[in-house]
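One structure is given here, and the rest of the page talks about it.
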Amino acid sequence: MIRCRLPGKTGRWPIIVLWSEMEIKSLKIPSQYLLVPLFQNGYNGRVEKIQKAEMNLHSLKKLRKELHSKPELSGSEKWTSQKVTEVLKTLKPDQLITEIGGYGIAAKFSSTGEAKQTLLFRAELDGIAVEEKTGLDYQSTNNGVMHGCGHDGHMAILLGLASELHQQPPEMCDVWLLFQPAEETGMGAAAMLADRAFDEIEADQAFALHNLPGFAEHLVLVKREVFAAASVGLEISFEGRSSHAAYPEEGINPSDVMSELTLFVNREFDEFQSGGALNKIVTTYIKLGERAFGISPGDGRIGFTVRSESDEWVEKAVKKVEKKIGQLRKNFDGQITMKKTEPFAATVNHAEGVDGVISAAERLDLKVEEMSDPFPWSEDFGEFRQKFPITLFGLGSGEGHPPLHSETYDFNEKLIATGVKLFREIIDGGH
Ligand SMILES: [Zn+2]
Ligand SMILES: [Zn+2]
């Protein structure tokens, strides 16, 4: 067995003289190096480092701005997905699966040694339905849609990590990089999980980060157990019959039952609300009739959002609303239907994963804050807990940074390098 010696201080590898093809085969060359033949017989050569594609910080920032300028809504991330796939292809993952549960993508970088475990990292593809007012030269060109949650930055971080893994493959673990569609509607993770193509994606631990305005720049925010709340939207439709306002008795006006349901939700959820600080049920819209005085309206709609740190409490609250609707039906001649929408499971972190994030951050001299309360908003990452342990953590975007989902928000690009380093450290330091 002939072993390659590492190059000396000159950075040059010694010329290796080989006498047979057998010897070439037995030569142990690390994957990032290549035997370049010097003579025609092809046996004598010099080992040189393979020139690999690279996403440096400059190109990552440029790419982030391009992604920012073309945001797409949940479930419609066609261009974004193509762009990410295009970049990933240049970084030659060992496996690349596209169109998982819509526009989802998964790329695998295999270990150079014996893989002890598999780690997964996730970013999101979608923008939100808000008209951007940042005035930036790379502002959204898609009217009414913007990258107002920083998913453009999260994608850049994961592509930066892909570049690192391409340059220096992981030694002791396999790594999956996951680009998830439709995070904002809570539909994407479930759609990916339901897709057969997802069956081959396994992980011992899965990680994701979210940038968090309002917290010091680069601060790593961790939380044991529940990181973000579970939630569900309830859409209640009332189908009555409109009539002339002078003859309301000829129609079926749902205003009575709608008021009763709203009052019920606002006043009779004491047990639910006292069950946990995050337990909330909030009326998000009420729609009935037009601004006219000659019509008694027939159709109405109400929206509620139910939030809790526990999936079970959300279930309980939904049942309570359902039961009330059952009672209201008895006093209403029209139809009442209820639809659940945008369901988010609670994001419940895994203890080992949280420890991994803390120790990686400390090794990088990043400040860590352990939060005592979970966030009241929801994150679709929690859904993946069905398949593997997950850990979601926050990365501070700066105390005065415009809030997520606001029209003046833009991802803080300084977090790209921090995010890549932190993920890489979780990979390299985990064993
Ligand atoms: Zn968001
Ligand atoms: Zn987000």
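The values are calculated or read from the model by the stated rules, or taken from the named source; none is laboratory data. A quick note: this is a predicted structure, and the numbers were derived from the prediction, not measured. Cβ coordinates were reconstructed from backbone atoms using ideal geometry, including for glycine residues, and neighbour counts include every protein chain displayed.
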Just need a number here: residues in the range 169-187 that are within 16 Å of ligand 1 (Cβ to nearest atom) and either more than 17 Å from the chain's Cα centre (by Cα) or in a strand (DSSP E or B) (or both).
2
Say we look at the range 123-139 and pick out the residues that are within 16 Å of ligand 2 (Cβ to nearest atom) and under 14 Å from L73 (Cβ atoms); which of these is surrounded by the most Cβ atoms within 10 Å (Cβ to Cβ)?
L125
Please verify whether the range 349-371 includes one or more residues that are in contact (Cβ under 8 Å) with a residue 40 or more places away in the chain and within 16 Å of ligand 1 (Cβ to nearest atom).
no
Step by step: first the residues of the range 373-417, then only those that are hydroxyl-bearing (S, T, Y) and within 14 Å of ligand 2 (Cβ to nearest atom), then the one that is nearest to G135 (Cα to Cα). Which residue is that?
Y409
Taking the condition of being within 17 Å of the chain's Cα centre (by Cα) and either outside the structural domain of Q180 (by TED's automatic domain parsing) or surrounded by fewer than 20 Cβ atoms within 10 Å (Cβ to Cβ) (or both), how many residues in the range 98-111 meet it?
2
Is it the case that the range 333-346 has a residue that's modelled with pLDDT of 95 or more, in contact with a helix residue (DSSP H, G or I) (Cβ under 6 Å, 6 or more places away or on another chain), surrounded by 14 or more Cβ atoms within 10 Å (Cβ to Cβ) and under 18 Å from A123 (Cβ atoms)?
no
Selected residue [without any contact (Cβ under 8 Å) to a residue 40 or more places away in the chain, away from ligand 1 (no atom under 16 Å from the Cβ) and either closer than 18 Å to E183 by Cα or more than 17 Å from the chain's Cα centre (by Cα) (or both)] from E114, E86:
E86
Tell me whether the range 170-178 contains one or more residues that are under 16 Å from A123 (Cβ atoms) and within 16 Å of ligand 2 (Cβ to nearest atom).
yes
Conditions (1) within 16 Å of ligand 2 (Cβ to nearest atom); (2) in a strand (DSSP E or B); (3) surrounded by fewer than 23 Cβ atoms within 10 Å (Cβ to Cβ) -> F215 fails only (2)
Residues that are within 14 Å of ligand 2 (Cβ to nearest atom) and of a type in the set (D, E, K, R), drawn from the range 150-167:
D152
Which of the numbered conditions does E322 fail, given that it passes all the others? Conditions: (1) surrounded by fewer than 18 Cβ atoms within 10 Å (Cβ to Cβ); (2) touching a strand residue (DSSP E or B) at 6+ places or on another chain (Cβ under 8 Å); (3) within 22 Å of I157 (Cβ to Cβ).
(3)
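Please go through the range 375-395 and give me each residue that is aromatic (F, W, Y) and either closer than 30 Å to P169 by Cβ or away from ligand 1 (no atom under 16 Å from the Cβ) (or both), ordered by number.
F381, F384, F388, F393, listed by residue number.
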Here the residues within the range 410-431 that are surrounded by 15 or more Cβ atoms within 10 Å (Cβ to Cβ) and not in a helix (DSSP H, G or I) are D410, F411, N412, E413, G430
Taking only pairs six or more apart or across chains, which ones have beta-carbon atoms under 6 Å, a first residue in the range 254-273 that is closer than 27 Å to G298 by Cβ, and a second residue that is β-branched (V, I, T) and surrounded by fewer than 19 Cβ atoms within 10 Å (Cβ to Cβ)?
T262/T283
At pLDDT 95 or above, in contact with a helix residue (DSSP H, G or I) (Cβ under 7 Å, 6 or more places away or on another chain), away from ligand 1 (no atom under 16 Å from the Cβ) and within 20 Å of M187 (Cβ to Cβ) - does that describe any residue in the range 124-140?
no
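When you go through A115, A190 one by one, which is the residue that is surrounded by fewer than 20 Cβ atoms within 10 Å (Cβ to Cβ), assigned to a loop (DSSP other than H, G, I, E, B) and away from ligand 2 (no atom under 16 Å from the Cβ)?
Of the residues listed, the single one that is surrounded by fewer than 20 Cβ atoms within 10 Å (Cβ to Cβ), assigned to a loop (DSSP other than H, G, I, E, B) and away from ligand 2 (no atom under 16 Å from the Cβ) is A115.
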Would you mention how many residues in the range 396-409 are touching a residue at least 40 places away in the same chain (Cβ under 8 Å), assigned to a loop (DSSP other than H, G, I, E, B) and away from ligand 1 (no atom under 14 Å from the Cβ)?
3
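Matching residues to (1) within 16 Å of ligand 1 (Cβ to nearest atom); (2) more than 35 Å from the chain's Cα centre (by Cα):
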{"site": "P213", "(1), (2)": "yes, no"}
{"site": "A228", "(1), (2)": "yes, no"}
{"site": "V232", "(1), (2)": "no, no"}
{"site": "E239", "(1), (2)": "no, yes"}
{"site": "H244", "(1), (2)": "no, yes"}
{"site": "E249", "(1), (2)": "no, yes"}
{"site": "N253", "(1), (2)": "no, yes"}
{"site": "S259", "(1), (2)": "no, yes"}
